Amino acid sequence: MNYEILFQGDLQEDERLQRDFRVLLATRAGSQPVDRDLGIDWSCLDGPPEAAEVMFRMEVEIKTEKYLPELEIDRIDFIREPGGVKPRIFCHRKEGTDRGRNQNGAGELSRSQLY
């Protein structure tokens, strides 16, 4: 799926968090042997457009909260393009989270989660 991410505030300079969020979005849920929940379940996009948008928004928010709790989704707009819809995701770092570390003390998605 084609998507656009707009990082707000000091998140624009946090390459680690940007990379981890892109990995989360690009990973298909169920494809990682160690953590089958990691990633986005793209089947939510199979329904009617309005329902698919709501389900995709929920999936991104739930997975972001689970795997990148220092990141907050502001909103997701859906841009109609020839051949489909392109989500535009706006996000920022949550108040009170340290730069480079999430609330659980982890610095990034672990290698076992990514491979």
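The values are calculated or read from the model by the stated rules, or taken from the named source; none is laboratory data. Quantities reported herein were computed from a predicted structural model and do not represent experimental measurements. Neighbour counts are summed over all protein chains in view; Cβ atoms, including those assigned to glycine, are modelled from backbone coordinates with ideal geometry.
Structure notes:
A quick yes/no check of all residues on (1) of a type in the set (A, V, I, L, M); (2) in contact with a strand residue (DSSP E or B) (Cβ under 8 Å, 6 or more places away or on another chain); (3) within 22 Å of residue 97 (Cβ to Cβ):
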| site | (1), (2), (3) |
| --- | --- |
| 6 | yes, yes, yes |
| 49 | no, yes, no |
| 53 | no, yes, no |
| 83 | no, no, no |
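- Failed item, numbered, when residue 2 is tested on (1) at pLDDT 90 or above; (2) part of a loop (DSSP other than H, G, I, E, B): (1)
- Scanning region 1-22 for residues being surrounded by 16 or more Cβ atoms within 10 Å (Cβ to Cβ) and either over 18 Å from residue 69 (Cβ atoms) or free of Cβ contacts under 8 Å to residues at least 60 places away in the same chain (or both) gives a total of 2.
- The residue pairs whose first member lies in region 55-70 and is farther than 13 Å from residue 37 by Cα, whose second member is assigned to a helix (DSSP H, G or I) and not aliphatic (A, V, I, L, M), and whose beta carbons are closer than 7 Å, counting only pairs six or more residues apart or on different chains, are 55/44; 56/44; 68/20; 68/21.
- Residues in region 23-65 that are among the aliphatic types (A, V, I, L, M) and part of a loop (DSSP other than H, G, I, E, B) were compared, and the one that is surrounded by the most Cβ atoms within 10 Å (Cβ to Cβ) is 38.
- Any hit, region 72-94, residues being in a helix (DSSP H, G or I), touching a residue at least 24 places away in the same chain (Cβ under 8 Å) and of a type outside the set (Ser, Thr, Tyr): no
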